[in-house]
Each structure stands twice: as C-alpha cells, then as structure tokens.
Ligand SMILES: N[C@@H](CCC(=O)N[C@@H](CS)C(=O)NCC(=O)O)C(=O)O
C-alpha cells in the first residue's frame, strides 16, 4: 500500500509537501481535491478540511505540511541532509517568518476583498517585502540557498509562498531591488523538481 496525499495543485502548503515527498523518494498517490467540495474520504481522516493531508499505510494521518515534510525526510533517514541543513537558526527564523507574518500580509495583498482591512493591499505588499523578502535577500546574497551552497527543506518550505507573492503583480515584483531573491526564485521555478510537483492529476 502507498501513502495517499490529499492535495490541491496550486496550494503553497501542498506544493512544499509534494516537493519534500518527491525529494525524499517517498512514493505517494496524489488525490487532487476541490476545496469547494472536499471529498468525504478526506474529511473522514481529517475533519479540519485543509490540504495537504497525508494518510499513511499504517492509518496514521499527517495534517500539517510541516509534519509531512519532517516525516518525509526523517522516515527516510534524511540521507541527503535536507532536513538537517534546515535546522540552522537563520533558516528556521526565515521559515517561521514566512509561515506567520509573511503569510498574513500575503493573504491581505492577494485577497483584499476577503479582509475588512483599512490598510489596503499595497500596505500589505510592502510589509511582506519588509518582513521576509528583504531578510531573504540578505541571506541569499551571502549563499545561493538557505541551506548554504546546497538547498534545504527551508528553501522548499518558503519558495511556494514567494512564488505566490511574485505572481500577484509580476511587474511590481520585478521592479523590487532584490536580485538574489529573484535569481533564487527563478531557479526553483525552472527546476525539474517543481515541474514534477506540478504535474496535473485528475480530481477524484
Ligand atoms: N497549516 C496548514 C495550512 C494548510 C492550508 O491552509 N491549506 C489551504 C489551501 S492553500 C486549505 O486547505 N484551505 C481550506 C479551504 O480553503 O477550505 C498546513 O501547513 O498544512
């Protein structure tokens, strides 16, 4: 039996889980779900109703993208050190910023109509640059990846969110003075790993 991954192709949390599973060499069967019409099988194993969710052959259920990533590498003994390299204080801090403050501003920038927020989308775009993109630029100026010369789980964890940010207003993003970050983003966007993680699967 293989693990089943309930996933949504364009969800950044699901993207990082798929990339981690592929990198760690863990076989999984992807079940693409409609977020508007979640399959009963998903809600039966994970009533909170977010993706990604990984159902293991043992019946164990992993309901958070970070847990899926950790499990992918730890269960395969992290032979290439992707998880270990991500434990540096710098990588951990950037990853935490991504999942908290950056995500907060990204949502309000991308979906202003969903939030009763007087500050406006542009304010949130600029805050997102301050809280994460500038610190990322500083780190990536000094080293090609967050793992150093070689990428780590934090690169995979953060990249889908930066991708989403860049896609809101590509021209505005392109004009930002963040050359190292843009080179890093372009590298991941062009990577065979990302291509594999984005292969379309039919909805169940
Ligand atoms: N903390 C969760 C967040 C996952 C999440 O919020 N996923 C979104 C899609 S990107 C979702 O499933 N939202 C539920 C919905 O839209 O109904 C994780 O890391 O896996």
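The values are calculated or read from the model by the stated rules, or taken from the named source; none is laboratory data. Here the structure is a predicted model, which means the values were calculated and not measured. Every residue, glycine as well, gets a Cβ built from its backbone with ideal geometry; the counts of neighbours run over all protein chains shown.
Scan region 31-53 for residues that are in contact with a helix residue (DSSP H, G or I) (Cβ under 9 Å, 6 or more places away or on another chain) and either at pLDDT below 95 or within 10 Å of the ligand (Cβ to nearest atom) (or both) and jot them down.
Going through region 31-53, the residues in contact with a helix residue (DSSP H, G or I) (Cβ under 9 Å, 6 or more places away or on another chain) turn out to be 31, 33, 49-53.
Scanning region 31-53 gives 33, 49, 50, 51, 52, 53.
Every residue in region 33-59 that is surrounded by 11 or more Cβ atoms within 10 Å (Cβ to Cβ) and under 15 Å from residue 75 (Cβ atoms), please.
Looking only at region 33-59, we keep the residues that are surrounded by 11 or more Cβ atoms within 10 Å (Cβ to Cβ), and these are 33, 35, 38-39, 41-43, 45-46, 49-56.
Residues satisfying the conditions are 54, 55, 56.
Answer yes or no: is there a residue in region 1-17 that is farther than 23 Å from residue 200 by Cβ, out of contact with any strand residue (DSSP E or B) (no Cβ under 7 Å at 6 or more places or on another chain) and more than 10 Å from the ligand (Cβ to nearest atom). Lay out the reasoning, then the answer.
Of region 1-17, the ones farther than 23 Å from residue 200 by Cβ are 1.
Retained after the next criterion (residues that are out of contact with any strand residue (DSSP E or B) (no Cβ under 7 Å at 6 or more places or on another chain)): 1.
Imposing the further condition that a residue be more than 10 Å from the ligand (Cβ to nearest atom) reduces the set to 1.
So far as region 1-17 goes, yes, one or more of its residues are farther than 23 Å from residue 200 by Cβ, out of contact with any strand residue (DSSP E or B) (no Cβ under 7 Å at 6 or more places or on another chain) and more than 10 Å from the ligand (Cβ to nearest atom).
Across region 60-80, which residue is farthest from the ligand (Cβ to nearest atom) among those that are in a loop (DSSP other than H, G, I, E, B) and either surrounded by 14 or more Cβ atoms within 10 Å (Cβ to Cβ) or modelled with pLDDT under 95 (or both)? Spell out how you get there, then give the answer.
Quick first cut of region 60-80, residues in a loop (DSSP other than H, G, I, E, B) only: 60, 63-64, 75-80.
Subsequent filtering for residues that are either surrounded by 14 or more Cβ atoms within 10 Å (Cβ to Cβ) or modelled with pLDDT under 95 (or both) retains 63-64, 76, 78, 80.
On the way: 63: 7, 64: 5, 76: 20, 78: 20, 80: 23 Å.
If we take residues in region 60-80 being in a loop (DSSP other than H, G, I, E, B) and either surrounded by 14 or more Cβ atoms within 10 Å (Cβ to Cβ) or modelled with pLDDT under 95 (or both), then 80 is farthest from the ligand (Cβ to nearest atom).
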